[in-house]
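Participant: Got a structure here, written out as structure tokens. Questions coming.
The values are calculated or read from the model by the stated rules, or taken from the named source; none is laboratory data. Quick caveat, the model's predicted, so the values are computed rather than measured. Cβ atoms come from the backbone with ideal geometry, glycine included; neighbour counts cover every protein chain shown.
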Amino acid sequence: MTDNRDGSAGSSGLELVVSEDRMSVKVKNYSPPPGTQSNLSLEDIYAELARLDVLLKPDEGLLNNILLRSWSGSPIKDMTIMTGIMPRKKGASFFEPRGNLSLPVFKGTLIGVYARAEQDQSGKNVFGRPVPPHKLDQEYYQEMVLGSGCKLDSKSGGVLAKGYGLVQMDPGKIDVKPLFRIVGEKSRIVSIIFPRDYYELEIQIEQLLKALTDMKVAESMVEQNAIETALENAHKTQSPQIAVVARGTPAKYGRNGYFELASSLQQEEVDDSDVTRRVDYRERSVYRSVAEGTVLGRIHQATPGRDGQDVFGNVIPGRDGKECPLGPGENVRLDPSTGELVAESAGLVLFQEKQVSVLDFLQVNGDVALSTGNIKLNKGSLEVMGTVRDTFSVRCPEHLIVHKNIEDAQVLAGGNIEVQGGVVMKGSGYIKVKGSLRCKFAENANIMAVGQVSFANNLTNCTVVCKDRVVSQGKGKVMGGKITAEKGMEVRELGSSYGVRTEVNIGLVPEELQSLLDQKKELKKHKDEINKKISSFDLKKSTPEQKKVIKEIMNVYSTIQERLLETERQLEEKREEFKKSTSLVLKVTDTVYPGTVITISGKTVQVQKEQKACKFYYDPVEDRVAWS
């Protein structure tokens with residue numbers, strides 16, 4: 001718990017909190033304000049302390065340690081910035097420092113000695129109010145423990161410093177926080193250079209150089225000029241200076257290889273200043289037609305890395321860049337001298353499975369209508385510059401691009417389908433696609449897709465069965481019809497303010513599961529019938545003709561057994577899919593209207609009142625569809 005005067009971060013981005021007992025102040029968190037890269041300053045800290053009405057003077061050593069972390073880019077979180085004056089209870093052990101806690105110690109410096117209080121003595125909290133000894137918990141009177149950076153001298157009983165740092169005293173504990181901060185894969189050491197040491201003596205450069213040597217910093221890495229300059233400024237201004245006191249050679253990471261698309265294939269530049277033109281960048285075609293010999297782009301090779309050296313003289317391993325993940329695919333060759341990928345035939349450019357390919361395609365300059373008849377390709381892709389008209393059919397083994405619309409037609413594709421207009425059907429047409437389908441809108445359409453179905457504006461009274469996800473861009477309205485998406489769905493609006501029934505099923509397609517169960521039941525029935533028939537035969541007394549019949553029956557039995565095993569395998573796959581479906585969601589970014597029926601993992605809910613910006617999911621604990 002914290003004091004009620006704690007608040008959010010001030011304008012500097014610094015957030016301070018006061019402990020419940022009001023005996024310490026910590027930096028809860030610090031990050032520079034957005035849009036700035038400035039370091040934290042003493043003025044920032046004092047301003048925040050004043051905002052909290054803190055009256056005691058902060059510990060300069062702790063302040064300097066925090067400033068050092070800020071300058072070096074290290075995170076600042078849960079760091080003590082000041083403590084109150086601790087009360088002493090008669091007979092309690094306490095540590096008696098022998099120097100100025102706001103100034104640094106060096107290796108071997110006597111920090112102080114242990115003593116016992118001769119009488120009760122009140123302290124002060126951070127707001128300057130008295131704190132009697134009996135007001136604090138017993139933990140404040142426990143034996144002092146030595147933390148990091150210091151050690152007990154067994155001969156004198158004094159506490160000695162292990163290196164250059166600031167003494168920090170917390171209830172029951174003494175630490176020396178190092179003033180050399182190693183950063184950047186040990187390639188730099190940042191430090192605060194003070195004018196005077198723990199005993200108020202002027203610090204000499206030899207002390208700092210020896211402190212670095214004690215750390216085993218390589219002599220060649222020491223920035224002696226920077227140390228001399230910082231120390232000179234510290235003596236002149238009588239204030240601490242921050243400096244990089246040792247500098248290695250950072251390792252170099254090589255650049256990753258990448259593919260640069262030819263400018264002729266890049267999307268058209270749009271004049272954003274033309275307010276009369278509205279462009280949805282996501283709706284522009286992902287396909288491009290090219291002629292033989294067209295340069296598709298250039299592969300830039302990865303560059304090697306280079307080893308560096310840390311401040312201790314050790315090697316910092318460099319890292320070579322990763323090779324370009326794209327390579328030449330079908331009908332594309334790589335020119336090794338230039339890195340250019342060149343089309344070896346005319347076709348559609350496709351980026352798929354880490355390859356750039358050019359696929360065979362047939363181009364229909366107008367509509368698929370009476371002038372062309374039905375189109376059935378044995379290989380390649382198809383580009384229709386117009387519309388696929390009512391009652392006509394299109395079949396292609398790879399990809400299909402339609403520049404205008406698909407009407408009430410029968411369309412099948414083994415790859416992806418992109419409709420730059422919409423799908424407008426009347427009930428007898430359908431689209432079956434083994435890849436993904438992308439369109440601006442669809443009305444009264446029957447769509448079956450193995451891949452993702454994405455649309456921009458609306459799906460109205462459509463029946464969609466999708467093995468992947470159904471997603472929207474733009475207006476993203478789904479109204480009426482039945483949508484099944486095995487891997488989830490994300491739209492802007494679902495249903496209608498007029499209460500039009502809209503059904504959504506997320507997860508398995510129920511019909512498929514039931515079909516497999518029916519098939520298993522039928523096969524098991526045939527298997528049992530054959531078993532019964534076989535058991536009625538006496539092989540020892542069977543005639544040659546009967547043995548021939550038995551052999552034929554056994555062949556049928558074997559076939560049924562294989563089909564039964566395959567059905568079991570498919571059912572097991574569906575069960576695994578069902579387990580995964582519990583993590584799937586239906587996300588609606590704007591409105592879900594009453595009359596919408598949602599089924600997830602076999603559980604159904606009907607929306608009774610309008611919902612805004614919510615996610616629907618299956619709750620296995622409650623065994624129901626829930627939303628948030």
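Participant: Considering each residue of the stretch 332-345, count those that are surrounded by 17 or more Cβ atoms within 10 Å (Cβ to Cβ) and touching an Asp or Glu at 6+ places or on another chain (Cβ under 7 Å), and give that number.
Facilitator: Of the residues in that region, 3 qualify.
Participant: Here is a further query. In the stretch 308-330, which residues are surrounded by fewer than 13 Cβ atoms within 10 Å (Cβ to Cβ) and not in a strand (DSSP E or B)?
Facilitator: Listed by number, the residues that qualify are Asn314, Pro317, Lys322, Pro325.
Participant: Here's something else I'd like to know. Can you tell me which condition Lys540 does not meet? The list is (1) among the basic types (Lys, Arg); (2) within 19 Å of Val470 (Cβ to Cβ); (3) modelled with pLDDT under 75, and all the others hold.
Facilitator: Here Lys540 meets the rest and fails (2).
Conditions tested, residue by residue: (1) modelled with pLDDT under 85; (2) surrounded by 12 or more Cβ atoms within 10 Å (Cβ to Cβ); (3) in the same structural domain as Ser156 (by TED's automatic domain parsing).
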site: Val105; (1), (2), (3): no, yes, yes
site: Leu110; (1), (2), (3): no, yes, yes
site: Glu118; (1), (2), (3): yes, no, yes
site: Gln121; (1), (2), (3): yes, yes, yes
site: Lys124; (1), (2), (3): no, yes, yes
site: Pro130; (1), (2), (3): no, no, yes
site: Lys135; (1), (2), (3): yes, yes, yes
site: Gln138; (1), (2), (3): yes, no, yes
site: Gln142; (1), (2), (3): yes, yes, yes
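Participant: Asp21 is checked against (1) touching a strand residue (DSSP E or B) at 6+ places or on another chain (Cβ under 7 Å); (2) acidic (Asp, Glu); (3) modelled with pLDDT of 80 or more and fails just one. What number does that condition carry?
Facilitator: Failed condition: (1).
Participant: Next question, about the same structure. State whether one or more residues within the stretch 192-200 are touching a strand residue (DSSP E or B) at 6+ places or on another chain (Cβ under 7 Å), modelled with pLDDT under 95 and either assigned by TED's automatic domain parsing to the domain that holds Asn314 or of a type in the set (Lys, Arg) (or both).
Facilitator: yes
Participant: In the list Gly435, Gly474, Gly451, Gly481, which residue meets the criterion of being at positive phi and not in a strand (DSSP E or B)?
Facilitator: Answer to the selection: Gly474.
Participant: Also: Just name the residue that is modelled with the lowest pLDDT out of those in the stretch 76-103 that are buried (at least 17 other Cβ atoms within 10 Å of the Cβ), out of contact with any helix residue (DSSP H, G or I) (no Cβ under 8 Å at 6 or more places or on another chain) and in a loop (DSSP other than H, G, I, E, B).
Facilitator: So, considering only residues that are buried (at least 17 other Cβ atoms within 10 Å of the Cβ), out of contact with any helix residue (DSSP H, G or I) (no Cβ under 8 Å at 6 or more places or on another chain) and in a loop (DSSP other than H, G, I, E, B), the one modelled with the lowest pLDDT is Gly84.
Participant: Assess whether Thr582 counts as being hydroxyl-bearing (Ser, Thr, Tyr), modelled with pLDDT of 80 or more, under 30 Å from Arg492 (Cα atoms) and surrounded by 11 or more Cβ atoms within 10 Å (Cβ to Cβ).
Facilitator: Taking the combined requirement at face value, the residue does not satisfy it.
Participant: Looking only at the stretch 281-291, decide whether some residue is out of contact with any strand residue (DSSP E or B) (no Cβ under 6 Å at 6 or more places or on another chain), at pLDDT 80 or above and assigned to a loop (DSSP other than H, G, I, E, B).
Facilitator: Yes; the residues of the stretch 281-291 include at least one that is out of contact with any strand residue (DSSP E or B) (no Cβ under 6 Å at 6 or more places or on another chain), at pLDDT 80 or above and assigned to a loop (DSSP other than H, G, I, E, B).
Participant: If we scan the stretch 415-428, do we find a residue that is among the hydrophobic types (A, V, I, L, M, F, W, C), farther than 20 Å from Val470 by Cα and either modelled with pLDDT of 95 or more or over 34 Å from the mean Cα position of the chain (by Cα) (or both)?
Facilitator: No, that holds for no residue.
Participant: Something else: For the stretch 333-353, give me the residue count where each residue is in a loop (DSSP other than H, G, I, E, B) and within 23 Å of Val402 (Cα to Cα).
Facilitator: 2
Participant: Is the stretch 227-241 home to any residue that is in contact (Cβ under 8 Å) with a residue 60 or more places away in the chain and part of a loop (DSSP other than H, G, I, E, B)?
Facilitator: Yes; the residues of the stretch 227-241 include at least one that is in contact (Cβ under 8 Å) with a residue 60 or more places away in the chain and part of a loop (DSSP other than H, G, I, E, B).
Participant: With Ser601, Ser628, Ser558 as the choices, which residue is of a type in the set (Gly, Ala, Ser), loosely packed, with under 15 Cβ neighbours inside 10 Å, touching a Phe, Trp or Tyr at 6+ places or on another chain (Cβ under 9 Å) and modelled with pLDDT of 75 or more?
Facilitator: That would be Ser628, the only listed residue that is of a type in the set (Gly, Ala, Ser), loosely packed, with under 15 Cβ neighbours inside 10 Å, touching a Phe, Trp or Tyr at 6+ places or on another chain (Cβ under 9 Å) and modelled with pLDDT of 75 or more.
Participant: Further question on the same structure: Is the stretch 28-43 home to any residue that is in contact with a Lys or Arg (Cβ under 7 Å, 6 or more places away or on another chain), modelled with pLDDT of 75 or more and acidic (Asp, Glu)?
Facilitator: For the stretch 28-43, residues in contact with a Lys or Arg (Cβ under 7 Å, 6 or more places away or on another chain), modelled with pLDDT of 75 or more and acidic (Asp, Glu): absent.
Participant: Right, here's the next one. Quick one: is Phe392 surrounded by fewer than 23 Cβ atoms within 10 Å (Cβ to Cβ) and assigned by TED's automatic domain parsing to the domain that holds Gly329?
Facilitator: no
Participant: Something else: Can you name the residue in the stretch 354-372 that is modelled with pLDDT of 90 or more and in a loop (DSSP other than H, G, I, E, B) and is also nearest to Asp390 (Cα to Cα) among such residues?
Facilitator: Ala369
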